[in-house]
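One structure is given here, and the rest of the page talks about it.
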Amino acid sequence: MTQFMAINPGVEVSGSTVLSFMNSMEQGRETRKKILKNHGIDPDPKVWYKQQAWLNAYKEVYDSLGQMNLFLIGKAVIKNAEFPPMKNLEEALHSINIAYHMNHRLNGKIMFNPEDGSFTPGIGHYKLEQYDAKQRKAVVVCRNPYPSKFDEGILTQLVRTFKPQDSVSQKITLDETRETRRNGGSSCTFLIQW
């Protein structure tokens with residue numbers, strides 16, 4: 001799974017999620033809006049857009065504005081995309097995959113079914129591979145076509161929002177000992193500490 005390349009050309013992303021692209025920070029907002037328009041996206045929370053068009057916009061941001069913008073867009077997803085209810089960090093890290101599927105659809109059908117908890121395949125997934133509350137560490141595998149810095153932004157914001165109150169810091173690190181999408185792999189693995 002290469003970053004910036006949709007797994008299935010029929011997949012669409014919700015307009016509310018696309019707004020994270022616009023709302024990541026005030027500075028550069030008009031530039032990011034122009035990038036979206038370059039790829040046929042006029043952000044509207046009620047409209048669904050081709051995932052590949054959105055990924056093309058990410059690629060343009062990567063090439064022209066740099067990875068820090070992708071990180072900030074990932075952080076903004078938490079405020080813009082639909083997420084299930086979350087009470088603590090473990091729930092939040094589990095919920096990424098649900099939210100990911102809730103905000104994508106295939107053939108007009110949302111890719112998460114809340115009635116039976118099933119997922120429609122075709123976009124990859126996020127998997128909480130390990131969670132250790134005592135040692136305050138977790139491992140999350142991101143198998144999707146989004147850039148790794150974007151995923152790092154999502155994880156960073158979730159950890160900042162849901163870490164225990166007595167935790168004073170957090171660290172999210174791309175595990176370079178495993179495959180990464182940046183290097184042609186099909187997933188990225190993040191080591192999380194709080």
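Table for the structure above
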| read-out | value |
| --- | --- |
| 22 Å Cα-Cα threshold exceeded, pairs from K33/K127; K50/K87; K33/K75 | K33/K127; K50/K87 |
| Dipole moment magnitude, nearest 20 debye, the chain about Cα centre, only Lys, Arg, Asp, Glu C-beta charged | 280 |
| Segment 1-35 residues near the modelled V47 label - backbone nitrogen below 18 Å, point 7 Å along Cα→Cβ | 11-23, 30-35 |
| Where labels lie 7 Å past Cα in the beta-carbon direction, separation of S169 and N183 in nm | 2.6 |
| Helix-derived mean residue ellipticity, 222 nm - over the chain, DSSP H n ≥ 4, -39500 (n - 2.57), to 500 | -12500 deg cm²/dmol |
| Order by protection proxy (mean Cβ within 10 Å, highest first), peptides 149-157, 67-75 | 149-157, 67-75 |
| Per residue Cα convex hull volume in Å³ - calculated over the chain | 117 |
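The numbers here are math on the coordinates, done by the rules we state, and not lab data. Predicted model, so just to flag it, every value in this text is computed and none were measured. A quick note on method: Cβ atoms are made from the backbone with ideal geometry, for glycine too, and the neighbour counts reach across all protein chains shown.
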